[in-house]
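Below: one structure, written as structure tokens.
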Amino acid sequence: MSAIPSPAALSLDFVVVGGAGIGGLAVAYVLSKGGQRVRVLEKNTLNVPSGGHRMTPNSSKILRQWIGEEELMKSAVRCVRCKTFDLRTGEVVGYIEWKPAVMAETGGDLLLIHHNDLVRILHRLATDAGAIVDFNAEVTSVRQGTEEDPKPIVTLATGEVITADVLVGADGGKSLVRKVVFKEEDCAEFVRMTLYTGTIDAEDMVTDPDLAPYILSDEWAVGMSPVPTNFVHAPLVQAARTQYAIHLSCWETSDGLPQGGEESWEELCSIDSISTDTYGPAFQKMAKLTTNLIRTQWKNHENTEEWVDSTGRMVLLGDAAHPSHPGGIHSTSMAIEDAVVLGSLFSHLSMIDQVPSFLSAYQELRQRRCELLMAAGISNARTVALPDGPLAEKRNADMRARNVDWDEGTLKAQFEEIAEIFAYDAGDAAEEWWVNWGRFSAAAREQPRTMNIFWDHQVSSMTQRAGV
């Protein structure tokens, strides 16, 4: 089905807190297209330090539905394979080919796109659909509604007070809304992994014979090292390939820098503070060319059992609901899928009593999937940072075994392996819930009201006949 819902019969006022990220802008767009009135509150602007994203087919097909193939490929690069190599020597260990026949079955592609390009696409979609996006709008407090008036209330640093019918917390791992839903402080623990994200200007690579092949490739490469460090890099972003993106993950404090402190996606640092002596020559050069390196320390948040507050009017989305590990391949897709499911459910809104059940259905449809993909992403990240020894040797042997001739059986096996993740359609999931459960519960709510109207009419008729 289309990931763009039809307008609902009933329109409500939605406020999205922390809405200049991927999930916040995506949900603003889908809710607005579904007939809701949306206001987004963001303390920053669109111009924040950022790097590249990998988009898997389950989210790239959504973006293609929203803006079309031609427009999408003005900002994205299609990836046809993943290469794994030894970060110390540069020796290629294995390839995973993403065959066109397999990608066609998923309905999407593996894409590489810059964060700034993606949020600008989503911002344009949201505002064109009618959403109001307020930048430099810092939220200082969030309050639940009361039994008499369940509408949540937001206060800005300017003193402005905003009331909403439904409040969406899309304000990341340090979510202010999450604290209200959780009803206690969210104690996050440092996991001893730090991500460094950066980009390299293509013009600094094309004249170097060691680096030029990378900017011209159509693959993302994963460097494996027992340091433990792993290095993910890929041609980025924009069809003209003007930049190259890197993700450098340092496990067990192997970067040698102070650990702990505030959780942040905005901490800038120099590559000179990180030792690259164990990298191969090409990758030492690449690291030294990186600009605007962003340091993000991974903090593990307690599992949030409830994404919806006790009043049924506040809900968490994206990293506020399921904080992802930095650099995870599925983080972008999970935020976009969240937005599609929530927006699609509310496209069926016809009465205010449906709000709590729609929010509960959203959590039911999303929570388990997000947990599974989070676990899979962490497992993959640790696998490429195994120390030298039997486990690393077995990993390398398994990767080399994938470099086989492709036949129909191999294609079928690859699709079966990735179908649950990549072929998933968030809009279909929401629509299936509505067809199987939502519309019947809505009919049940309406039925007593219909009977009351009928009974009131009968009482009125009898009273008139009795002359009362």
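The values are calculated or read from the model by the stated rules, or taken from the named source; none is laboratory data. Worth saying up front: this structure is predicted, and the values here are computed from it rather than measured. Heads up, the Cβs are rebuilt from the backbone with ideal geometry, glycines too, and the neighbour counts pull from every protein chain shown. What goes into the accessible areas is simple: the full protein's heavy atoms, side chains included, and nothing from ligands, DNA or RNA. Shrake-Rupley method; radii C 1.70, N 1.55, O 1.52, S 1.80 Å.
Data overview
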{"quantity": "Dmax and Rg, reported as Rg then Dmax, of region 1-104 (C-alpha, Å)", "calculated": "18.6, 61"}
{"quantity": "Largest-first ellipsoid semi-axes for region 41-189, taking √(5λ) over the Cα gyration tensor eigenvalues, angstrom", "calculated": "39, 20, 16"}
{"quantity": "Under Karplus coefficients 6.51, -1.76 and 1.60, residue-wise ³J(HN,Hα) of region 34-44 in Hz, glycine/proline x", "calculated": "x, x, 8, 8, 10, 10, 9, 10, 9, 6, 9"}
{"quantity": "Listed peptides 327-334, 168-175 by packing density, highest first (mean Cβ within 10 Å)", "calculated": "168-175, 327-334"}
{"quantity": "Gain upon complete extension [residue 376, residue 292; 0.36 nm per residue less C-alpha separation]", "calculated": "27.4 nm"}
{"quantity": "C-alpha center-to-center spacing [region 97-146, region 158-213] in angstrom", "calculated": "13"}
{"quantity": "Sequence-distant lysines (8 or more away, or on other chains) whose Cα lies within less than 16 Å of residue 74", "calculated": "61"}
{"quantity": "GluC sites (Glu not before Pro) restricted to DSSP loop in region 299-379 with at most 10 other C-beta within 10 Å", "calculated": "305"}
{"quantity": "Region 99-176, accessible surface, carbon-and-sulfur percent (1.4 angstrom probe)", "calculated": "48"}
{"quantity": "Kirkwood-based Rg to Rh ratio, region 88-137, C-alpha trace", "calculated": "1.24"}
{"quantity": "FRET efficiency, residue 157 to residue 420 (Cβ-Cβ, R0 30 Å, nearest 0.05)", "calculated": "0.10"}
{"quantity": "Stretch gain in nm, segment residue 96-residue 184, where the contour uses 0.36 nm per residue and the Cα spacing is subtracted", "calculated": "27.3 nm"}
{"quantity": "Pair residue 432, residue 136: separation of 7 Å Cα→Cβ label points (nm)", "calculated": "4.7"}
{"quantity": "11 Å beta-carbon shell around residue 32, net charge (K/R +1, D/E -1)", "calculated": "+2"}
{"quantity": "Links that overshoot a 20 Å alpha carbon limit, given the list 151/183; 83/394; 33/174; 174/299", "calculated": "33/174"}
